[in-house]
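Quick notes on the structure that follows.
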């Protein structure tokens, strides 16, 4: 390591000590000619202090964080090198604002749910009725570049920030699908994401209700209640909850939904870095009377979807039909920083209502119904002549209603 880099490390260690003791360092330290290369040292110190004290599953030394920061010159470069955790990341002020807009369900963009897979920004699911879906993008597509900017090692928030923007503005994506690479031109729109786009009595004879839940936002619970009240008014005797292609969302929305069905058991357990487990208990008041239920799941059912379906399965309230879920059992906390940016840090893990650790494993359905990629795409686009998973759900519920 060069003498200059060594001096920067020494300076950072000293400043970090001040920051931790007084909590008031504002990042005004002069670092001479290196200042243009390194992002705000003050913000870096805030991030280092939070990661060191809050990160859930991976102990990391202050020295290793500082060394990674000096080597990479960026906060996200530091986090990527020092942590084996794609969910702990720094967002600039614009990305932070975009993320907050997402929780309301209204934002300007192209309507893609994305994640990091094999160090690449990858489509988890396009949202129905959005520019991303109409452009033909589908699950598993690798986004290689955004407006010509290579996405190699790009953080999720940076990628999302680049894809968001005012409606009627244009965007070019370079997509890799299997061995093929091609360009996609998209015009952004105002995305108004409805969490419950479809609910109806799907079987008139048996009075089986169907509710599709595509994401979890601030509006999800109210939309669910509207759907349930409508179907109850139409005499539903059994219910299918469709969580396929649902990549998750806010923890609070997931807990609200789970609490609508679960009583007398924790909705989930939160686990801190010391291994202490805290149950998040259900509330009896307002819990629906149990009825025969099936929850549909697949590999794009993640995070908040897994909290709800795990609680339903563990408490014997629903039969899970489909394929294994994504497997995200980590909870991030959001910390706004002094410069207007923010840090999401993996602060807790969660276990399902029955105490199962699903991170990296997913939730296994009670009844496995495999479909081909082509069938799955047709199901997502509502173009399938036959939906084998939905048909199995109907078969399960008709059998239960007949006994």
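The values are calculated or read from the model by the stated rules, or taken from the named source; none is laboratory data. Quick caveat, the model's predicted, so the values are computed rather than measured. In this analysis, Cβ positions are derived from the backbone assuming ideal geometry, glycine residues included, and neighbour counts consider all displayed protein chains.
Taking the criterion of being at pLDDT below 95, part of a loop (DSSP other than H, G, I, E, B) and over 28 Å from residue 263 (Cβ atoms), would at least one residue in the range 340-347 satisfy it?
Within the range 340-347, the first condition is being at pLDDT below 95, and the residues that meet it are 340-347.
Add one more test, that the residue is part of a loop (DSSP other than H, G, I, E, B), and what stays is 340-341.
If we keep only those that are over 28 Å from residue 263 (Cβ atoms) too, we end up with 340-341.
Yes: the range 340-347 contains one or more residues that are at pLDDT below 95, part of a loop (DSSP other than H, G, I, E, B) and over 28 Å from residue 263 (Cβ atoms).
The rows are residues; the columns are (1) assigned by TED's automatic domain parsing to the domain that holds residue 376; (2) modelled with pLDDT of 80 or more; (3) more than 27 Å from residue 329 (Cα to Cα); (4) touching a helix residue (DSSP H, G or I) at 6+ places or on another chain (Cβ under 9 Å).
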{"position": "121", "(1), (2), (3), (4)": "no, yes, no, yes"}
{"position": "126", "(1), (2), (3), (4)": "no, yes, no, yes"}
{"position": "130", "(1), (2), (3), (4)": "no, yes, yes, no"}
{"position": "176", "(1), (2), (3), (4)": "no, yes, yes, no"}
{"position": "183", "(1), (2), (3), (4)": "no, yes, yes, no"}
{"position": "188", "(1), (2), (3), (4)": "no, yes, yes, yes"}
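Would a scan of the range 322-331 turn up a residue that is more than 15 Å from the chain's Cα centre (by Cα), within 24 Å of residue 400 (Cα to Cα), crowded, with 20+ Cβ neighbours inside 10 Å and touching a residue at least 12 places away in the same chain (Cβ under 8 Å)? Lay out the reasoning, then the answer.
From the range 322-331, those more than 15 Å from the chain's Cα centre (by Cα) are 322-324; that's our starting set.
Next cut, within 24 Å of residue 400 (Cα to Cα) only: 322-324.
Narrowing the set further to residues that are crowded, with 20+ Cβ neighbours inside 10 Å leaves 322-323.
From the residues that got through so far, the ones that are touching a residue at least 12 places away in the same chain (Cβ under 8 Å) too are 322-323.
For the range 322-331, residues more than 15 Å from the chain's Cα centre (by Cα), within 24 Å of residue 400 (Cα to Cα), crowded, with 20+ Cβ neighbours inside 10 Å and touching a residue at least 12 places away in the same chain (Cβ under 8 Å): present.
I'd like the full set of residues that are at pLDDT below 95 and in a loop (DSSP other than H, G, I, E, B), limited to the range 387-403.
So the first thing to find is which residues in the range 387-403 are at pLDDT below 95, and the list is 402-403.
Correct list: 403 only.
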Among the candidates 394, 351, 390, 343, residue that is crowded, with 17+ Cβ neighbours inside 10 Å and within 27 Å of residue 177 (Cβ to Cβ): 390
Test for residue 167: is it outside any loop (DSSP other than H, G, I, E, B) and closer than 13 Å to residue 189 by Cβ: no
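Being assigned to a loop (DSSP other than H, G, I, E, B) and surrounded by fewer than 20 Cβ atoms within 10 Å (Cβ to Cβ) is the filter here, so list the residues in the range 363-386 that pass it.
Step one: of the range 363-386, the residues assigned to a loop (DSSP other than H, G, I, E, B) are 363-366, 369-372, 381-386.
Across the range 363-386, the qualifying residues are 364, 366, 369, 370, 371, 372, 381, 382, 383, 384, 385, 386.
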For residue 149: the one exception among (1) free of Cβ contacts under 8 Å to residues at least 24 places away in the same chain; (2) surrounded by 20 or more Cβ atoms within 10 Å (Cβ to Cβ): (2)
Residue in the range 54-76 that is within 16 Å of residue 119 (Cβ to Cβ) and in contact (Cβ under 8 Å) with a residue 40 or more places away in the chain present: yes
